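The values are calculated or read from the model by the stated rules, or taken from the named source; none is laboratory data. Bear in mind that the values here come from a model prediction, so they are computed numbers and not experimental data. As a convention, Cβ positions derive from the backbone with ideal geometry for all residues, glycine included, and neighbour counts pool all protein chains shown. Each accessible area value is taken on the protein alone, full model and side chains, heavy atoms only, with ligands, DNA and RNA left out. Shrake-Rupley method; radii C 1.70, N 1.55, O 1.52, S 1.80 Å.
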Amino acid sequence: MPLFDEIYASQRFDEESEFMPLITIEEEDEQNINDAYPEVLPVLALKNTVLFPGVVIPITVGRNKSIRAVQKAYDKHRIVAVLSQRDSKIEEPQAEDLFEVGTLARIIKLIRMPDGTTTAILQGRKRFRLQKMVAENPYMQCTVEELSYHLPKDKMEFQAVVASIVDKARQIIQLSPHIPVEAVAMIKNINNPSFLINFISSNLGVKLIAKQKILEKDDLHEKAELLLEQMDSELQLLELKDRIESKVRTDIEKQQRDYYLSQQLKTIQDELGQNPQEEEIKELIERAKTKKWPESAGEVFAKEVNKIRRMNPQVAEYAIQLNYLELLLDLPWEEYTKDNFDLTKVKKVLDKDHCGLEKVKERVLQHLAVLKLKGDMKAPILCLVGPPGVGKTSLGKSIASAIKRKFVRMSLGGLHDEAEIRGHRKTYIGAMPGRIIQSLKKAGSSNPVFILDEIDKVGQDFRGDPSSALLEVLDPEQNSTFHDNYLEIEYDLSKVLFIATANSLSSIQPALLDRMEIIYINGYSIEEKIDIARRHLIPQQRKEHGLMARHVKLNKPVLAKLIEEYTSESGVRNLSRQIAGVMRNIAKMVAMGEPYNPAIKPEDLKEMLGPSRFSNDLYKEAQPKGVAIGLAWTSVGGVILFIETSLHKGKGGLTMTGNLGDVMKESASTALSYIKANAEALGVDPKAFEEHDIHIHVPEGAIPKDGPSAGITMLTSLTSAFTGKAVKPFVAMTGEITLRGKVLPVGGIKEKILAAKRSGMKEIVLCLANRKDVEDINQDYISGLKFHYVDRMNEVLELVLGTPVINKRRVNKEQKAAIASQNGG
């Protein structure tokens, strides 16, 4: 260790490391010190260092014997006999393991540290020789003989040696850039030669045995010469080091230079008592004092703070640990926003922001009503299912605004890593908490409205199944103790109002589906779309295109034509795009100063948006024999479906085209089997099945189609082809069929009915059990439609083929019995 390497060190030192002496406050002549102390003194053994008279050092006392010895001396006379060990590896030294010459020390102060250790501030007083070790338990005790110095015979020569020592010290300080230049002045101001020798010897970076030899010298002149020899060696080493550094200094790479500078900065900060890492930790602790969180979180925080204090700031784990502590403090553990319990105002906000969607609004109001009465309740897990563009996601934001909660949206589309939900363990590089915890941290509240968007589009691969990880999140019985792999502490999600959105339930696993309250959001009618366009879309697009209300006016007929001829959807996204197209045309004319009429007319749309993209003429014309119109539900809403059947000479083969799924093919086979079983009753020649091949086609073959709801349409198309009777025009139908002749209910009724009305249909055939679904629809939206509710397949055929298809003249008693048997009596 270089001379005066850390003269200004302020940290404490233990018995097992080299301590850095501090200069004593007053220079007392060792010869004149007469401390009062008993004959038998406690012994303190030091490792790796030597205490010199006049020098003050702080040490950490760790061994039990040493603690008892120091405490005993401090309680009485404060004088302790300090001896250095011959071998620092010995934990329980005996008398023979200690040097015979040591230093009497005064215990200036004993400090109990927060970690349970004891720090003693010792001031060297006078040298002594060990006479006898009186006791070794409970701590070592001895009798001593004080030693005095032999004054130099040649004072002039002694002064020259002392001057050389001061000069060598100055050179060493100059070759050590990290030692402040003030150290030279401090040494020059020491007037007592014996104290100067002791002080420099104590700071000299030589081995313990060399320091001990200097301590043991009684002759001051010899002592000074021995010190001068050691300083010569030290100076030669520093000069050699300086030459080597000067040669390679230009070759130091940037990385090495940066490291060297950072180490210098750290040393300077330590010397000045400026530890940025410790200040950062103290700041975290201050934040924790005012943090409202569970007791378990506080305990983990305290444990992790102790861990980070033991870490080297240069290691990668330090940054990970610091980020973890900051996350603990940033999370809103028990911070909740106050709900708005004015249900009338909440309803007004929801009605203002969204047209329709009554079931969802009613469910939110019910939840708030219970909260208002009970004061505490686990939040429901809602799942809004409906086609794109009907306002599922924006409804969540509206709910948050209405009840005055924070809003969080998390898109699950394409998510395929379980760690996105539960987070990564801290052992991984770049580890971070899951998106649930991250979103709550961003929201700053533990009871936000949390939208889980597109939950039906969650992926799955070798990295895990995110939908299975969501089981814990969306279970009201489990999410109060949600476990994040990074956080490693249970977090309460029970107050979060989760709202999932989906276009279809078919891809959601049953266990996850069971945990959610399903609310179906159907598409909008033309009247609802016009209302939405007037209240929301037109003002929004006008603002986005820099237009004023006087620049453009879209009346009801214009909006109706936009909806019917330029869009075909359940939602309003495409309608918004078409309105934006109109606004762009108006903005161009306003910017160029062209004259135009702000009141847009229906005939103006062709010039602005081009020719109509959708037409109902195809559905309104009379259809040939073998063609029936069905209704289908897709993830984008209801659609019209043509079923075409043709017969040609053959051997009774059945061909089905149009990209049909297995269930749809089975419906066609069921319909054909029913017709064959009731051929004579339906007026069909049984030989026709053997002499003709049957081809069933569903147009738009690029689009996959499946499901049982086209059953009665298949039946109607086949019967029309075999009987030669055309299907009644402007009639659409949907329903599942059975071999017994029953018509079963199907889903997506509102979507299908709205699609039928958009296409100009006038009559709809449904299963009797679907009457309740029709009654749920606002009657204003389905005015002009006539509904036929059927229970049996023969009722369908009688309705849509114009006249009764049962040829009563050809039915004898046996055939009647057969038909009755087929129809289930």
| field | Descending Cα extents along the principal axes, the range 322-384, whole Å | value | 49, 26, 21
| By its C-alpha gyration tensor, with a ≥ b ≥ c as the square roots of the eigenvalues, how is the range 133-180 shaped: rounded for a/c under 1.5, else prolate for a/b larger than b/c, else oblate? | oblate
| message | What figure, in Å² to the nearest 10, do you get for the accessible area of residue 592 with a 1.4 Å probe and non-protein molecules left out? | response | 120 Å²
| Using modelled backbone amide H atoms (1.01 Å from N, in-plane), which distant-in-sequence or interchain residues come within less than 5 Å of residue 77's amide H? | none
| task | Just tell me which lysines come within less than 24 Å, Cα to Cα, of residue 89; anything on the same chain fewer than 8 places away is out. | result | 47, 65, 132, 207, 211, 213
| Qualifying GluC sites (Glu not before Pro) for the range 70-141 [loop in DSSP, other Cβ within 10 Å: at most 16] | 91, 100, 136
| task | For 685, 484, write out the residues from largest to smallest accessible area, computed with a 1.4 angstrom probe and no ligands counted. | result | 685, 484
| message | Can you tell me how the range 146-208 classifies by the Cα gyration tensor, rounded, prolate or oblate, using a/c under 1.5 as the rounded cut? | response | prolate
| Sum of -39500 (n - 2.57) over DSSP H runs of 4+, divided by residues of the chain (222 nm, nearest 500) | -12500 deg cm²/dmol
| request: Positive end of the charge dipole of the chain (Lys, Arg +1 and Asp, Glu -1 on Cβ, about the Cα centre): tell me which of 503, 440, 187 has its Cα farthest that way. | output: 503
| message | Limiting things to C-alpha atoms, what are the Rg and the maximum Cα-Cα separation (Dmax) for the range 636-692, in angstroms? | response | 13.5, 43
| the range 122-263: Cα Rg divided by the 2.2 N^0.38 Å rule of thumb | 1.36
| query | Listed highest first by mean packing, meaning other Cβ atoms within 10 Å per residue, what order do 73-83, 352-362, 714-724 come in? | reply | 714-724, 73-83, 352-362
| Carbon-plus-sulfur fraction of the accessible area of the chain, 1.4 Å probe, in percent? | 51 percent
| query | In straight Cα distance, which lysines are under 21 Å from residue 553, not counting same-chain residues fewer than 8 positions off? | reply | 529, 543, 561, 588, 601, 606
| message | If I model the range 402-494 as equal point scatterers sitting on the Cα atoms and use the Debye formula, what is log10 I(q)/I(0) at q = 0.13, 0.21, 0.22, 0.23 Å⁻¹? | response | -0.42, -1.12, -1.22, -1.31
| message | Need one number: % antiparallel among DSSP beta bridges in the chain, to the nearest 5. | response | 55 percent
| task | Would you kindly find the accessible area of residue 397, with a 1.4 Å probe and non-protein molecules such as ligands, DNA and RNA excluded, rounding to the nearest 10 Å²? | result | 120 Å²
| message | So for the chain, averaging the separation of alpha carbon pairs under 8 Å that are six or more residues apart and normalising by length, what relative contact order in percent results? | response | 7 percent
| note | XL table 378/406; 348/752; 359/495; 404/442; 76/223; 345/397; Cα-Cα > 24 Å flagged, in table order, is 348/752; 76/223
| field | Simple spin-label estimate for residue 156 and residue 345 in nanometres, 7 Å along Cα-Cβ | value | 10.2 nm
| said: Compute and list, largest first, the equivalent-ellipsoid semi-axes of the range 453-564 from the alpha carbon gyration tensor, each √(5λ) rounded to a whole angstrom. | reply: 42, 18, 14
| Which angle between 0 and 90 degrees, to the nearest 10, do you get for helix 276-289 versus the longest principal axis of the chain when only C-alpha atoms count? | 60 degrees
| Across bins of 10 angstrom width beginning at 0, how are the C-alpha pair distances of the chain distributed, in whole percent? | 2, 10, 13, 12, 11, 9, 8, 7, 7, 7, 6, 4, 2, 1, 0, 0
| query | Just how far, in whole angstrom, is the range 364-416 from the range 111-135 if you go by their alpha carbon centroids? | reply | 69 Å
| query | Direction-averaged shadow area of the convex hull around the Cα atoms of the range 358-415, nm²? | reply | 4.9 nm²
| message | Going Cα to Cα from residue 651, which lysines come in below 22 Å? Please leave out same-chain ones fewer than 8 positions away. | response | 625, 665, 676, 687
| message | Let me cross-check residue 92: its accessible surface, 1.4 Å probe, with only protein heavy atoms counted, in Å² to the nearest 10? | response | 100 Å²
| Distance (nanometres) between label positions extended 7 Å along Cα→Cβ at residue 687 and residue 209 | 12.7 nm
| note | From highest to lowest solvent-accessible area (probe 1.4 Å; ligands, DNA and RNA excluded), 648, 424 read 648, 424
| task | Answer rounded, prolate or oblate for the range 298-338, using the Cα gyration tensor with square roots of eigenvalues a ≥ b ≥ c: rounded when a/c is under 1.5, else prolate when a/b is larger than b/c, else oblate. | result | oblate
| Kirkwood-type radius of the range 566-677, with distances r between different C-alpha atoms, in Å | 18.7 Å
| note | The ³J(HN,Hα) series, computed from each phi in the range 663-672 with the Karplus coefficients 6.51, -1.76 and 1.60 at θ = phi - 60°, rounded to the nearest Hz and given as x for glycine or proline, is 5, 5, 5, 5, 5, 5, 5, 5, 4, 5
| query | For the range 741-800, taking Cα atoms only, what is the radius of gyration to one decimal and the Dmax to the nearest whole Å? | reply | 11.4, 34
